[in-house]
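The values are calculated or read from the model by the stated rules, or taken from the named source; none is laboratory data. Note that the structure is a prediction, hence the values are computed from the model and not measured. Glycine also receives a Cβ, built like all others from the backbone with ideal geometry; neighbour counts cover every protein chain displayed. Please note that ligands, DNA and RNA were not included when accessible areas were found on the heavy atoms of the full protein model with its side chains. Shrake-Rupley method; radii C 1.70, N 1.55, O 1.52, S 1.80 Å.
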Amino acid sequence: MNITCTNCAKVLKISEKIQQGLQQLGPGRVLRLSCPECQESIALDAGHLATAKKQETVVVGSLVKPPLAPDISWLKDGLFEEEEVVEDIPQTLILAKPGEQRDIITKAVESIGYQATFAESGKEAMERLQFVNFASVILHENFEDSAMRTSSFHQFMREMNMQKRRFIFYILIGSEFSTLYDLEALSFSANLVVNTNEVPELLTILRKAIPRYEELFGSLMAEINAYSN
């Protein structure tokens, strides 16, 4: 697979390892590489892989013209693959009223490398989810003036198309929940439930729950995403 640097027009050969990384990228995620010629950053997503594969095979009559020999001029630097960096800062949508509990939640998610984003209403939150691929959504019981089961935003999450929903780690926080009780989370169509009394321990809870979730479903999500692309 070859790509062209948009800054210096250098044609670069992409290794099999990087191509495999592109296949496993989730929606909205980018693999960022450094051009060995001009040192400018090049952002790639799974769409580049699909486009490159289409361009590599050209049918002429009944014959298939093989792709051109790879450009190996980049070998003189020998740094292209070593400098690959994944620009993958997951975003969390936090739905809670301003206050001590939201501050604790924000600090916890940022401590594990997530970027916190907020919405002031259920309507705004739903609109954000239409255009942004959030890695997780956290809904606190104080966000809307209704019980969790009748919350308009919670109903929106329950009815979301699974093609999008399966990639969101959905967390509910409320006084009715038993922290880390998977069966209760399942009954609410969530991935994790946390009692409000345990919010001060949210960082520890996330460090336990997220790796466990990724261990169980990470490989499956990668396969589904690769297939859908």
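What the table shows:
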read-out	value
Sequence-distant residues sharing a close amide H with Leu192 (under 5 Å, placed H)	Tyr170, Leu172
Amide proton proximity set for Arg166, modelled H, under 5 Å, gap of 5+	none
Nearest-10 value in Å² for the accessible area of Met157, using the 1.4 Å probe	0
Surrounding net charge for Ala147, when Lys and Arg each add one and Asp and Glu each subtract one, Cβ distance under 12 Å	-3
In sequence order, calculated HN-Hα J values of the stretch 132-137 (Karplus, 6.51, -1.76, 1.60; Hz; x Gly/Pro)	10, 8, 6, 6, 8, 10
